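The values are calculated or read from the model by the stated rules, or taken from the named source; none is laboratory data. The structure displayed is predicted, hence computed values, not measured ones. Every residue, glycine among them, receives a Cβ derived from its backbone with ideal geometry; neighbour counts consider all protein chains shown.
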Amino acid sequence: MFDQASVESGAAGAESGVPTWLRLHGEMQCATRRRSAWDAQHARHLREAEALQLWNHFGYVSILEYLEREHGIDPRTALDRLRVSHALGELPLLEAELEEGAFAYSHVRELVRVMTPDTEERWIGAAKGKTVSQVQELVAGRAKGADPEDPTDPDLRRRRLSFEVTPQTLAMFRQAKAAIESELGHRLDEDDLLQIIFQRALEPGEGASAPVQISICAHCDRGWQDGAGIRAELDPADLDRARCDADHLGHVDAAEPARMRATITPRLRKQILNRDHHRCVVPGCRSARNLDLHHIEHQANGGGHQPSNLCTCCAGHHRQLHRGLLSIEGRAPDELRFTWRRADDDSSPVRAHVSTNPRHALRCRPLRSDGERGNAKEADPHTVPESSGPPPSSGGCAFDAAALRAQARDALVGLGWKRSIAAAAVDEARPSLGTDAGIDAWIREALRRCPKPIG
């Protein structure tokens, strides 16, 4: 990555009479190599400091406080440094490459997201000679332990957005989040919340979802959403959701443009929206904005466009439907049955029998494994009350990451830890937790990272 000849020529530039720009270039490359060597040494120091619990000897309560006060490293940066340090402890080849200057720290912090001891050599070979942005693209969409040649998974492609706002703007954001969650009747993670906010800013009116342009490959059936110069691959659930209610343009590279074909005609759309009172039909949801039409029997399973097979859903619940966290069965509008499934529960789902018409509402009963409804006296404690939305979450339920983080932090505060220490411990525990981890696992892992009292 760094040209040794250029470095040496730069160091001797003052004596050989080389141009100032070439001397400066060499000095900067020398400094970059020294910085990479320092980064490798600093990673080793962090591992040793944790093993010795160095912060206790100076009266600090955690390594985060120690790094901030003694070395000027803010907690967010310190957590990222600790993450990389832990990973490098198991990746000696990558740490050696960093120390020698073959990779910069920016490359390494991306590579450790996917690299394991078994894949270390292959990832080093694939990343050699690439820029940081190219390495980010190489890593994106691949899980820990994957090879560089493995196909990418759109579900794993995440991008980080960060904003610096005034306290007033932050208060407005929190208020808007609470209002939208109250409107939809369930919690939202950051991605779902931002999608709803952006859709409402772009919506064409009358409560409909904002139109987006999606390209679908005719051979592999993968889809990409175009937006202001970038193409983002969609996961299968989002692609199916888009197909529920779309205008098909045909092949965009055809010699003659094809006639546009709508999945649902404008007249039928107005009929369904008016029938459902321009509201999401999911019990407990009051959303009248970002509305889609959903096929109760999916088109892939032979479902048609009859009014009895169509219902109105907000974008949030439509996304849950196609991700399998919610299902709708029956005939619209008066014979709909809603089933909520927890993301961490593979057992028989809890089914609430609900009708959008109050005159036809049915009593909730638990669904046994044999598919028969039990008696009211056998009711499961997790049965969903009529029109109440998803079942209450238990201690082991996998909430969205933001809600889990907040609950784990509050639990530690309740045990007597300072709020800043609790938040730091939860953030430090987060990378080691799987996507299906429940609140009990979050609290347990966070407690393990809380500073031990000085004896």
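What the table below lists for this structure:
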{"item": "Residues (in contact (Cβ under 8 Å) with a residue 24 or more places away in the chain, in a helix (DSSP H, G or I) and not basic (Lys, Arg)) located in the stretch 70-91", "result": "Pro75, Leu79, Asp80, Leu82, Val84, Ser85, His86, Ala87, Leu88"}
{"item": "From the options Ser287, Ser327, Ser308, residue that is free of Cβ contacts under 8 Å to residues at least 24 places away in the same chain, touching a strand residue (DSSP E or B) at 6+ places or on another chain (Cβ under 8 Å) and either closer than 17 Å to Ala242 by Cβ or assigned by TED's automatic domain parsing to the domain that holds Ala179 (or both)", "result": "Ser327"}
{"item": "Hey, Leu98 touching a residue at least 40 places away in the same chain (Cβ under 8 Å), in contact with a Phe, Trp or Tyr (Cβ under 8 Å, 6 or more places away or on another chain), outside any loop (DSSP other than H, G, I, E, B) and aliphatic (A, V, I, L, M) or not", "result": "yes"}
{"item": "Output for the stretch 45-72, where each listed residue is aliphatic (A, V, I, L, M) and surrounded by fewer than 19 Cβ atoms within 10 Å (Cβ to Cβ)", "result": "Ala49, Ala51, Leu52, Leu54"}
{"item": "Pair list, Cβ under 6 Å, 6 or more apart: the stretch 165-190 residue closer than 21 Å to Leu291 by Cβ, other residue at pLDDT 75 or above and among the small types (Gly, Ala, Ser)", "result": "Glu183/Ser287; Leu184/Ser287; Leu184/Gly316"}
{"item": "Residue pairs meeting the criteria (Cβ under 8 Å; at least 6 apart or on separate chains; first assigned by TED's automatic domain parsing to the domain that holds Arg122 and under 22 Å from Glu90 (Cβ atoms), in the stretch 132-154; second surrounded by 13 or more Cβ atoms within 10 Å (Cβ to Cβ) and acidic (Asp, Glu))", "result": "Val135/Glu110; Gln136/Glu110; Val139/Glu110; Arg142/Asp150; Arg142/Asp153; Ala143/Asp153"}
{"item": "Identity of the residue in the stretch 156-201, touching a helix residue (DSSP H, G or I) at 6+ places or on another chain (Cβ under 6 Å) and part of a loop (DSSP other than H, G, I, E, B), that ends up modelled with the lowest pLDDT", "result": "Arg187"}
{"item": "Single condition Gly316 does not satisfy, out of (1) modelled with pLDDT under 85; (2) under 28 Å from Leu188 (Cβ atoms); (3) surrounded by fewer than 17 Cβ atoms within 10 Å (Cβ to Cβ)", "result": "(3)"}
{"item": "Residue satisfying all of: in the stretch 418-436; without any contact (Cβ under 8 Å) to a residue 60 or more places away in the chain and of a type in the set (A, V, I, L, M, F, W, C); farthest from Pro75 (Cα to Cα) among these", "result": "Leu433"}
{"item": "Residues that are assigned to a helix (DSSP H, G or I) and small (Gly, Ala, Ser), drawn from the stretch 412-426", "result": "Gly414, Ser420, Ala422, Ala423, Ala424, Ala425"}
{"item": "Test: Leu91 is over 21 Å from the mean Cα position of the chain (by Cα) and surrounded by 12 or more Cβ atoms within 10 Å (Cβ to Cβ)", "result": "yes"}
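Quick grid of which residues meet (1) assigned to a helix (DSSP H, G or I); (2) closer than 15 Å to His86 by Cβ; (3) free of Cβ contacts under 8 Å to residues at least 24 places away in the same chain:
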position: Trp21; (1), (2), (3): yes, no, yes
position: Gly26; (1), (2), (3): yes, no, yes
position: Arg33; (1), (2), (3): yes, no, no
position: Ala37; (1), (2), (3): yes, no, no
position: His45; (1), (2), (3): yes, yes, yes
position: Ala51; (1), (2), (3): yes, yes, yes
position: Val61; (1), (2), (3): no, no, no
position: Glu68; (1), (2), (3): yes, no, yes
